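See structure below.
The values are calculated or read from the model by the stated rules, or taken from the named source; none is laboratory data. Note that the structure is a prediction, hence the values are computed from the model and not measured. As a convention, Cβ positions derive from the backbone with ideal geometry for all residues, glycine included, and neighbour counts pool all protein chains shown. Note: accessible area is taken over every heavy atom of the protein model, side chains too, but ligands, DNA and RNA are not part of it. Shrake-Rupley method; radii C 1.70, N 1.55, O 1.52, S 1.80 Å.
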Amino acid sequence: MPAAPPKKLRSTEWFGSNDKNGFMYRSWMKNQGIPDHEFDGRPIVGICNTWSELTPCNAHFRKIAEHVKRGISEAGGFPVEFPVFSNGESNLRPTAMLTRNLASMDVEEAIRGNPIDAVVLLTGCDKTTPALLMGAASCDIPAIVVTGGPMLNGKLGGRDIGSGTAVWQLHESFKAGEIDLHHFLSAEGGMSRSAGTCNTMGTASTMACMAEALGTSLPHNAAIPAVDARRYVLAQMSGARAVEMAREGLTLSKILTRAAFENAIRTNAAIGGSTNAVIHLKAIAGRIGVPLELEDWARLGRDTPTIVDLMPSGRYLMEEFYYAGGLPAVLRRLGENGLLPHPDALTVNGRTLWDNVREAPSYNDEVIRPLTNALIDDGGIRVLRGNLAPRGAVLKPSAATPALLQHRGRAVVFENLEHYKQRIVDEALDVDADSVLVLKNCGPKGYPGMAEVGNMGLPPKLLRQGVKDMVRISDARMSGTAYGTVVLHVAPEAAAGGPLAAVRDGDWIELDCEQGRLHLDISEAELAARLAAPLPSAGNAMPGGYQRLYVEHVLQADEGCDLDFLVGCRGHEVPRHSH
């Protein structure tokens, strides 16, 4: 059969004509020293870079970008690097989640408005991965994810400590009087001792695994340490593959299918992944037009064992995870046990997910456990519903205390984060180990941005008594590096008039994870009366600017917290000329 005609590339609409417009576009690019032969119709591949010194997880991305460029050039492409908003979790206030959607808008418009035939997405810190995938999905062009990789293991006193996780552990120990200030602060340098993202199975590592399970990155992208030379090899290979994808027309809509999202949800259960993946996958799916609901997490996560023994759920860190075989080893174990829903799902290298992992080796059964020796037999994210969360809430059982997964206790209520900080240290606070800590007005609209404050620190007076965990409920998120019996993402949130706003001190609350139930033990009439009364305004958003736009248009947690007008794919049609 005759070969298929070459696919017409978007970039030819800029550089492929000899009229006034073609002249201008080429001439202006030539001020960078680009010769005539570079404009011969070769694929132009964008490198979407979230490098920033204010995003320490991504501060090494300039070097990664250089290796991506090598791959693009050697495959006959034309590399063009461009910056987008870098919403790093570590420094950005009030929360990087507030600007995830803003970053996605930056990505979308940068791709669509420029002569880009394919794009390499350089992601790392938590929100950069969903933001870049959301923006690229709204354009539906060929795209491949290259993650910056996790940090090396943290070290303190001769033992390994996990980024993020160590903060929560050590701070609670300090408040309990178990360690002194010197010991607490001595962990700062040792916890973060190389370039890269958090080395636990936090949100950054979870979303890197999600990108790989979705098929949007090459095998092993999720786990190679940031400073390992193989990270740069993968970057170069990804750049070369992006050129081929442009020629093949392998767009994101061919990869981000319903099957791909189901594979990712099952994978999240197996790795003990972050609850933040629930929100981010929903948002990405919404951009590409794939229906995804909380019930899918309940259905696909149920009875899936957690087999990756990483902090915060387990013992090890991402460095060991990579040396043990990385995500391909996990996917192989799932597939061999009939737990990979769609092994034939397509990935960015043109092969199926199963083709990529069917022979993947596993080198350490302590880190990547056999299913017969799982860390937790049923590790999928729990979806909870009831009169306290009509549209749902979530809990991560692999990071929770089993004895608290069925619990009834009296509410101790905090109206906002400042109220919590003021009240939690009060030695006269009426609270005991069976109480349920309830935090309001920390959701998408109320905070605004839905900050990672749901894993409330315990009252110091209880910590000194040896209490290590309590049931906590909020409309907030929590860091993927955190742990505890923490109910998150309550929807609708308090600031949107959800039942969480009606909870008062002393109310009895029932949690039953097995049955998926979260119940406020008051009558329907009493609940309706409380919600009918005027509720105090959260009042935390700025009166203008992006925060106003966000609060007016953000969707609730069960809908992915995207802005309502951003949902959907708007395609990659070439815009009208600028001159």
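Determine which single condition Leu535 fails, assuming it passes every other condition in (1) assigned to a strand (DSSP E or B); (2) surrounded by fewer than 22 Cβ atoms within 10 Å (Cβ to Cβ).
Condition not satisfied by Leu535: (1).
What is the number of the single condition among (1) assigned to a loop (DSSP other than H, G, I, E, B); (2) modelled with pLDDT of 95 or more; (3) touching a helix residue (DSSP H, G or I) at 6+ places or on another chain (Cβ under 8 Å) that Ile64 does not meet?
(1)
The rows are residues; the columns are (1) assigned to a loop (DSSP other than H, G, I, E, B); (2) open to solvent by less than 20 Å² (accessible area, probe 1.4 Å); (3) polar (S, T, N, Q).
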site: Gly33; (1), (2), (3): yes, no, no
site: Lys69; (1), (2), (3): no, no, no
site: Asn87; (1), (2), (3): yes, yes, yes
site: Leu92; (1), (2), (3): yes, no, no
site: Asn114; (1), (2), (3): yes, no, yes
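For region 159-177, indicate whether the set of residues that are of a type in the set (Gly, Ala, Ser), outside any strand (DSSP E or B), in contact with a Phe, Trp or Tyr (Cβ under 9 Å, 6 or more places away or on another chain) and surrounded by fewer than 24 Cβ atoms within 10 Å (Cβ to Cβ) is non-empty.
yes
From Thr257, Thr251, Thr306, Thr267, grab the single residue that is modelled with pLDDT of 95 or more, among the polar types (S, T, N, Q) and touching a strand residue (DSSP E or B) at 6+ places or on another chain (Cβ under 7 Å).
Thr306
Which pairs have Cβ atoms under 8 Å, sit 6 or more apart or on different chains, and link a residue in region 527-556 that is without any contact (Cβ under 8 Å) to a residue 12 or more places away in the chain to one that is outside any helix (DSSP H, G or I)?
Close Cβ pairs (under 8 Å, with a partner that is outside any helix (DSSP H, G or I)) amount to Arg548/Ala541; Arg548/Met542.
Can you tell me which of (1) in a loop (DSSP other than H, G, I, E, B); (2) of a type outside the set (D, E, K, R); (3) without any contact (Cβ under 8 Å) to a residue 60 or more places away in the chain is the one Phe184 doesn't meet?
The number of the failed condition is (1).
Are any residues in region 3-19 surrounded by fewer than 10 Cβ atoms within 10 Å (Cβ to Cβ) and of a type outside the set (A, V, I, L, M), and if so, which ones?
Pro5, Pro6, Asn18, Asp19
Condition check ((1) of a type outside the set (Phe, Trp, Tyr); (2) open to solvent by 10 Å² or more (accessible area, probe 1.4 Å); (3) under 17 Å from Ala65 (Cα atoms)) across all residues:
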residue: Met207; (1), (2), (3): yes, no, no
residue: Met210; (1), (2), (3): yes, no, no
residue: Thr216; (1), (2), (3): yes, no, no
residue: Ala235; (1), (2), (3): yes, no, yes
residue: Ala240; (1), (2), (3): yes, yes, yes
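Within region 35-67, track down each residue that is without any contact (Cβ under 8 Å) to a residue 40 or more places away in the chain, open to solvent by less than 50 Å² (accessible area, probe 1.4 Å) and closer than 16 Å to Gly149 by Cα.
Scanning region 35-67 gives a single hit, Ser52.
If you check every pair at least six apart or on different chains, which have Cβ atoms under 7 Å apart with a residue in region 409-429 that is under 24 Å from His519 (Cβ atoms) first and a residue that is open to solvent by less than 50 Å² (accessible area, probe 1.4 Å) and of a type in the set (S, T, N, Q) second?
Close Cβ pairs satisfying both conditions: Gly409/Ser435; Arg410/Ser435; Val412/Ser435; Glu415/Asn441; Asn416/Asn441.
Which count do you get for residues in region 245-293 that are open to solvent by less than 10 Å² (accessible area, probe 1.4 Å), out of contact with any helix residue (DSSP H, G or I) (no Cβ under 8 Å at 6 or more places or on another chain) and without any contact (Cβ under 8 Å) to a residue 60 or more places away in the chain?
So the answer is 0.
Picking from Leu181, Leu234, which residue would you name as being closer than 30 Å to Ile47 by Cα and of a type in the set (A, V, I, L, M, F, W, C)?
Result of the check over Leu181, Leu234: Leu234.
With respect to Val383, determine if the residue is open to solvent by 10 Å² or more (accessible area, probe 1.4 Å) and of a type outside the set (Gly, Ala, Ser).
Spelling it out, Val383 is indeed open to solvent by 10 Å² or more (accessible area, probe 1.4 Å) and of a type outside the set (Gly, Ala, Ser).
Quick check on region 415-443: of everything there that is in contact with a Phe, Trp or Tyr (Cβ under 8 Å, 6 or more places away or on another chain) and buried (at least 22 other Cβ atoms within 10 Å of the Cβ), which residue is farthest from Tyr483 (Cα to Cα)?
Asn441
Could you look through region 277-325, keep only residues that are touching a Ser or Thr at 6+ places or on another chain (Cβ under 9 Å) and of a type in the set (Gly, Ala, Ser), and pick out the one that is farthest from Cys198 (Cα to Cα)?
Gly289
Working carefully through the options Ala482, Ala476, find the one that is in a loop (DSSP other than H, G, I, E, B) and at pLDDT below 95.
The match here is Ala482.
Conditions (1) touching a Leu at 6+ places or on another chain (Cβ under 8 Å); (2) among the aliphatic types (A, V, I, L, M), marked per residue:
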site: Gly289; (1), (2): no, no
site: Leu292; (1), (2): yes, yes
site: Trp297; (1), (2): no, no
site: Pro305; (1), (2): yes, no
site: Val308; (1), (2): yes, yes
site: Phe321; (1), (2): yes, no
site: Pro343; (1), (2): yes, no
site: Trp354; (1), (2): yes, no
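Identify, from the list Asp296, Asp309, Asp303, the residue that is of a type in the set (D, E, K, R) and open to solvent by 20 Å² or more (accessible area, probe 1.4 Å).
Asp303
Considering region 471-486 alone, what residues qualify as being under 14 Å from the mean Cα position of the chain (by Cα) and open to solvent by 10 Å² or more (accessible area, probe 1.4 Å)?
Selection gives Ser479 alone.
Six or more apart or on different chains, Cβ under 6 Å: which pairs go from a residue in region 464-476 that's closer than 17 Å to Val383 by Cβ to one that's of a type in the set (S, T, N, Q)? Could you list them?
Listed by first residue and then by second, the contacts come to Val471/Thr485.
Which of the following residues is of a type outside the set (Asp, Glu), open to solvent by 50 Å² or more (accessible area, probe 1.4 Å) and within 23 Å of the chain's Cα centre (by Cα): Leu339, Leu353, Leu346?
Every option except Leu346 fails the conditions.
One line per residue, one yes/no per condition, for (1) at pLDDT below 95; (2) open to solvent by less than 30 Å² (accessible area, probe 1.4 Å); (3) part of a loop (DSSP other than H, G, I, E, B); (4) closer than 25 Å to Ala137 by Cβ:
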{"site": "Arg504", "(1), (2), (3), (4)": "no, no, yes, no"}
{"site": "His519", "(1), (2), (3), (4)": "no, no, no, no"}
{"site": "Tyr550", "(1), (2), (3), (4)": "no, yes, no, yes"}
{"site": "Gly568", "(1), (2), (3), (4)": "no, yes, yes, yes"}
{"site": "Gly571", "(1), (2), (3), (4)": "no, yes, yes, yes"}
